[in-house]
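Heads up, the thing below is written out as structure tokens.
The values are calculated or read from the model by the stated rules, or taken from the named source; none is laboratory data. What you see is a predicted model; the values in this text were computed from it and never measured. A quick note on method: Cβ atoms are made from the backbone with ideal geometry, for glycine too, and the neighbour counts reach across all protein chains shown. Each accessible area value is taken on the protein alone, full model and side chains, heavy atoms only, with ligands, DNA and RNA left out. Shrake-Rupley method; radii C 1.70, N 1.55, O 1.52, S 1.80 Å.
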Amino acid sequence: MKRHGILNSHISKVLTDLGHTDMVVIADCGLPIPAGVERIDLALELGTPSFADVVRVVADDMAIEQVTLATEINDTNVNALEVVNQLDVPQDFVSHEAFKELTKQAKVIIRTGEATPYANVILHAGVIF
């Protein structure tokens, strides 16, 4: 058994297999999952696990070069935005519709139990060297 890091074997494998610029989406429980994109569903009930908890754990184990967010998060969900701001990486903002289009290119979408609007982020993989 692992002593440190992510215990979820599906998330751990995805992060291990990432290449530079690959995309991982951390999503609220309402974001549509495009056909053909792997889904890791962590949702247990509304709010559990939270967007903040999942972002924190994944970010601790992933080299992140940039994030993409829906522009709407700025006016609608400042708490989720603050979680992402703590990553201290460059941010790109697109419309929510454009965000959903980008998710079609993701390696995986990790679905949380978060039930607040626009609590979604695309993490773009960086490199560790």
Original post:
For the range 92-105, which residues satisfy the criterion of being of a type in the set (Asp, Glu) and part of a helix (DSSP H, G or I)?
Top reply: 97, 101
**OP:** Could you grab me the full set of residues in the range 106-119 that are part of a loop (DSSP other than H, G, I, E, B), in contact with a helix residue (DSSP H, G or I) (Cβ under 7 Å, 6 or more places away or on another chain) and either open to solvent by less than 10 Å² (accessible area, probe 1.4 Å) or at pLDDT below 95 (or both)?
**Re:** 112, 119
Original post:
Do any residues in the range 86-99 that are under 17 Å from residue 75 (Cα atoms) have Cβ atoms under 7 Å from those of residues that are assigned to a strand (DSSP E or B) and small (Gly, Ala, Ser), where the two are at least six apart or on different chains, and which pairs are they?
Top reply: 94/70; 95/70; 96/70; 99/70
Original post:
Conditions: (1) of a type outside the set (Val, Ile, Thr); (2) closer than 16 Å to residue 12 by Cα; (3) free of Cβ contacts under 8 Å to residues at least 24 places away in the same chain. Residue 82 meets all but one. Number of the miss?
Top reply: (2)
**OP:** Select from the range 10-24 the residues that are in a helix (DSSP H, G or I), open to solvent by less than 80 Å² (accessible area, probe 1.4 Å) and among the polar types (S, T, N, Q) and list them in ascending order.
**Re:** 12
**OP:** Take the range 69-119 and flag every residue that is in contact with a His (Cβ under 8 Å, 6 or more places away or on another chain) and of a type in the set (Gly, Ala, Ser).
**Re:** 70
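Taking the range 62-86 as the search range and keeping residues that are in contact with a strand residue (DSSP E or B) (Cβ under 6 Å, 6 or more places away or on another chain) and under 29 Å from residue 7 (Cα atoms), which one is most open to solvent (accessible area, probe 1.4 Å)?
Applying the first criterion (in contact with a strand residue (DSSP E or B) (Cβ under 6 Å, 6 or more places away or on another chain)) to the range 62-86 yields 64-69, 71, 84.
Subset that is under 29 Å from residue 7 (Cα atoms): 64-69, 84.
On the way: 64: 32, 65: 81, 66: 61, 67: 0, 68: 2, 69: 0, 84: 1 Å².
Across the range 62-86, the extreme among qualifying residues is 65.
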